[in-house]
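The values are calculated or read from the model by the stated rules, or taken from the named source; none is laboratory data. All values derive from a computational prediction rather than experimental measurement. Because the Cβ atoms are built from the backbone with ideal geometry, glycine has one as well, and the counts that use them run over all protein chains shown. Protein only, heavy atoms only, side chains kept; ligands, DNA and RNA dropped before computing areas. Shrake-Rupley method; radii C 1.70, N 1.55, O 1.52, S 1.80 Å.
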Amino acid sequence: MASTLLELSKLISSSVATVDARCRTLSLKYPDLANPANPQGNEALAHDREIAAATSVALAAAAQLMASMQDPSRALIETSRGFALSSAMGAVNESATAEIIREAGPKGCHINDIAKKNGMDPLKIGRHQSTNSSRLLRLLATQHIFREVSPDVFAHNRISILLDTGKSSQEIFAKPEDKYHGAKGIGALVGLNTDETYKAAAYIQDVVVNPERAAAEGRGLLAMNRAYNTEGSFFSLYDRPENLARFKRFGMAMNADRMLDPHSIVLKGFKWGALPAGALVVDVGGGVGSTSLEIARANPHLRFVVQDLPSVTLEGKEYWAREYPDALTGGIVSLQAHSFLTPQPVKDASVFLVRAVLHNWSDANASKILKNLRDAAQPTTQLVVLERIASLVCEEDASYAHITGAVLLAPPAPLLANLGVMFPYLMDIQARHHSTLLLWDGIERTFPHHWKLFKEAGWEIAHVYRNPGVMDQIIAKPV
Ligand SMILES: C[S@@+](CC[C@H](N)C(=O)[O-])C[C@H]1O[C@@H](n2cnc3c(N)ncnc32)[C@H](O)[C@@H]1O
């Protein structure tokens, strides 16, 4: 009997049939994995509600089928060697390989020609020899990132092209610290993950298993403290002069992080258009302000203050001057240096917008951030928090079912209740593991955890707009 396998394969077939039928109805073609330049309309299919729902079932079922059919020891060993993928991707990303392959055209680029431009040892990039067959590009191509189109010749596909900044490799080599300024793709985020985060991750087990030893040695408790031999916070790394390029990349990585969200997702859910003309949105810890920029473009009747640390605010001014100069000169937006751990100076906000901030902080500090906002809130001020709510792998606690969107609908059996969406947990390990921490003193919270945190800080969650795997929206009002 292989009934679970059959159930899973049926879920895959029926979901793919739904996707196919919807493509026909819309007269569009599902994007081709091998093609790095699928038409925009085809790429946009992923955000069609019906296709997105069927896709999440197909992916959950496919992952479960793979886990069911994979040899268990191979599953464990391959997972434990996941570091090879991160290091391969980091090296490829930082060597402008994606740009060089794009410059060579659709037929791809031989590893010797890649090496001529970036100086990397062709053996290390991916030489066609059995001893080197798992190196960098070939390893990635086996993961469907790049294609090996003929021996030692690599071309882009729909996934690898996202590493391409769209700039010339020459321009990147001339000014590497500006590589991600005004760049296409999500290479900045891949760079952050495969550099600062990845190096710190190597120390997770040391600090989880032996936190006392870390403390006794007088080091900070974070894995990043060990990796970088510092007691400071993750963000303090960026104050070091040698980390200028990393600091610049971090800002652009946050921008790229937003691109992971389906197009205009921030505009769906909370009704920005329903706010009165001149209503003030304060984007707290807003980075360069890319979320506000998207809201501002669609809602020119609103005003924005984007708050962040002084150095980020300076970056933000450049960003708005480049992307939406009229908003700066026309008084639609201002950038304000302000630490959200101190009292909030803006007292007439219609909305406090807080995106991808709370997950970086412990409950004590996240509570301080929320209380500072509560103290500055009017009775009508709304709090809009954008975070990924971590679902349980089993059924959710039904006691929050009265709050719209708080509890996810159960997926078809035998799928995991969270549909196998990994992202919040990947982020959580990055933020914190039990009481011992990797990068920052943070946590990806479940809904009940958010509820308690908000309540204690004087906010009541009124509504949740769920987008599993991307940014959920939590809307709260002052208690
Ligand atoms: C993960 S990023 C999110 C940025 C932005 N909200 C977004 O979604 O693109 C976190 C932001 O918090 C900022 N930050 C860190 N500590 C801060 C503090 N004490 N006060 C204000 N901002 C801070 C960082 O500079 C960074 O821009």
Checking Ala34 against (1) assigned to a loop (DSSP other than H, G, I, E, B); (2) open to solvent by 60 Å² or more (accessible area, probe 1.4 Å), the condition it does not meet: (2)
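On the given criteria, is Thr313 in contact with a helix residue (DSSP H, G or I) (Cβ under 7 Å, 6 or more places away or on another chain), under 26 Å from Arg249 (Cβ atoms), open to solvent by less than 20 Å² (accessible area, probe 1.4 Å) and among the polar types (S, T, N, Q)?
No; evaluated as a whole, the condition is false for this residue.
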Subset tally (residues that are under 18 Å from Leu189 (Cβ atoms), in contact with a Leu (Cβ under 7 Å, 6 or more places away or on another chain) and either at pLDDT 85 or above or among the acidic types (Asp, Glu) (or both)) for the range 225-248: 1
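Hey, can you tell me all the residues within the range 333-374 that are of a type in the set (D, E, K, R) and either within 13 Å of the ligand (Cβ to nearest atom) or within 19 Å of Gln473 (Cβ to Cβ) (or both)?
Of everything in the range 333-374, those that are of a type in the set (D, E, K, R) and either within 13 Å of the ligand (Cβ to nearest atom) or within 19 Å of Gln473 (Cβ to Cβ) (or both) turn out to be Arg355, Lys368, Arg374.
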Hits in the range 160-177 (condition: touching a Phe, Trp or Tyr at 6+ places or on another chain (Cβ under 8 Å) and either over 18 Å from Asn193 (Cα atoms) or not in a helix (DSSP H, G or I) (or both)): Thr165
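When you go through Asp441, Asp428 one by one, which is the residue that is among the charged types (D, E, K, R), part of a helix (DSSP H, G or I) and modelled with pLDDT under 90?
Exactly one of Asp441, Asp428 is among the charged types (D, E, K, R), part of a helix (DSSP H, G or I) and modelled with pLDDT under 90, namely Asp428.
On the basis of being touching a helix residue (DSSP H, G or I) at 6+ places or on another chain (Cβ under 8 Å) and away from the ligand (no atom under 12 Å from the Cβ), does Thr230 make the cut?
In short, yes.
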Residue among Ala84, Ala75, Ala88, Ala98 that is more than 21 Å from Glu196 (Cα to Cα) and open to solvent by less than 60 Å² (accessible area, probe 1.4 Å): Ala75
Number of the condition not met by Arg246 [criteria: (1) open to solvent by 40 Å² or more (accessible area, probe 1.4 Å); (2) away from the ligand (no atom under 12 Å from the Cβ); (3) closer than 30 Å to Asn42 by Cα]: (3)
Restricting the range 300-332 to residues that are assigned to a strand (DSSP E or B) and away from the ligand (no atom under 12 Å from the Cβ), the residue that is farthest from the chain's Cα centre (by Cα): Arg303
